[in-house]
Amino acid sequence: MKMEEAITGRRSIRKFKNEAVPREVIASILDTARWAPSWGNTQPWQFYVITGEPLEAFRKANRDEIAGGKVFAPDVSIPEIWPDHLKKRYGETGKILLGALGIAREDKEGRNNFYGEMALLFGAPALIIACIPRESSVEYAMLDIGLVVQTICLLAHGKGLGTCIMAAAIGFPKLLRSIASIPEELRITVGIALGYPDGDAPINTFSRVRAELPDLVQWID
Ligand SMILES: Cc1cc2nc3c(=O)[nH]c(=O)nc-3n(C[C@H](O)[C@H](O)[C@H](O)COP(=O)(O)O)c2cc1C
């Protein structure tokens, strides 16, 4: 697969086939992803790969926490205040996503069902949890996590697998710690749902948008 094709072809997958991913395949993705860059080659990441029964237990408990109205309290907090132009992009993405499922804005039940599916990790048969040491400088180590997470997603895409990077998987760290035995010394940063994409699902095939280059790049010459 060409580099450009890999980067533009990777997309968040939000419906997975009910098919396990062999452990060797996940191991091979992580083995290659070790070559992602990091500050001073510190490689601050630790991964927990959750599958099988523990994953089933997690996804149901995660859904119950969300359905019960429990407030997200991730180890690395999600900012609530964003500049307007970023908030607008976020809002538009939500609209496109729900639109792909035929869920109208005022359809509260439809939206809740979608968030329920999200809490259930869209049926992914594997969840990779990326952690950093608790004592590390969070902002800086998060740069490294971003690099390795995208590397994992691209490698998975290259193997015909789908991924969804998921804040919705790490909102309740205590739950994850108890199911995956993640020690307090580690800060849970983000989850990656992994599995074989349900290729036909509208939620996996809608057209995505990106800001145009002039909105992003200043040329100084
Ligand atoms: C840090 C991070 C957290 C994310 N959390 C979620 C999530 O909880 N649920 C979800 O459906 N998508 C989540 N996403 C996926 C983004 O919505 C997605 O990357 C974005 O809309 C761009 O779409 P694309 O990945 O298909 O190109 C997350 C992405 C990132 C980088």
Residue by residue through region 43-72, note down the ones that are of a type in the set (A, V, I, L, M) and more than 27 Å from Glu135 (Cβ to Cβ). Leu55, Ala57, Ala61, Ile66, Ala67
For region 66-86, enumerate the residues that are in a helix (DSSP H, G or I), within 14 Å of the ligand (Cβ to nearest atom) and modelled with pLDDT of 95 or more. Leu86
Can you confirm whether Lys108 is of a type in the set (D, E, K, R) and within 14 Å of the ligand (Cβ to nearest atom)? no
Wholly within region 119-221, helices (runs of 4 or more DSSP H) carrying at least 1 residues that are under 27 Å from Asp84 (Cβ atoms) and at pLDDT 95 or above: 138-158, 213-216
Could you pull out the residue among Ala130, Ala141, Ala126, Ala100 that is surrounded by fewer than 21 Cβ atoms within 10 Å (Cβ to Cβ) and of a type in the set (A, V, I, L, M, F, W, C)? Ala100
Take Trp45 and tell me if it is modelled with pLDDT of 95 or more, among the hydrophobic types (A, V, I, L, M, F, W, C) and loosely packed, with under 12 Cβ neighbours inside 10 Å. no
Answer yes or no as to whether Met166 is near the ligand (Cβ under 9 Å from one of its atoms), more than 22 Å from Trp45 (Cα to Cα), under 15 Å from the mean Cα position of the chain (by Cα) and of a type outside the set (Val, Ile, Thr). no
Show the residue pairs that are 6+ apart or on different chains and have beta-carbon atoms under 6 Å apart, the first residue being within region 87-111 and in a helix (DSSP H, G or I), the second being aromatic (Phe, Trp, Tyr). Ala100/Phe206
Taking only pairs six or more apart or across chains, which ones have beta-carbon atoms under 7 Å, a first residue in region 152-177 that is on the phi < 0 side of the Ramachandran plot and among the β-branched types (Val, Ile, Thr), and a second residue that is in a loop (DSSP other than H, G, I, E, B) and more than 9 Å from the ligand (Cβ to nearest atom)? Ile170/Pro74
For region 1-34, name all the residues that are within 14 Å of the ligand (Cβ to nearest atom) and touching a helix residue (DSSP H, G or I) at 6+ places or on another chain (Cβ under 8 Å). Ala6, Ile7, Gly9, Arg10, Arg11, Ile13, Arg14, Lys15, Phe16
Residue list for region 1-27, filter: in contact (Cβ under 8 Å) with a residue 60 or more places away in the chain and polar (S, T, N, Q): Ser12, Asn18
Just to verify a result, which residue in region 178-217, among those that are crowded, with 17+ Cβ neighbours inside 10 Å and away from the ligand (no atom under 15 Å from the Cβ), is farthest from Leu55 (Cα to Cα)? Leu186
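The values are calculated or read from the model by the stated rules, or taken from the named source; none is laboratory data. Just so you know, these numbers come straight off a predicted model, no measurement behind them. Don't worry about glycine lacking a Cβ; one is built from the backbone with ideal geometry, like all the others, and counts go over all protein chains shown.
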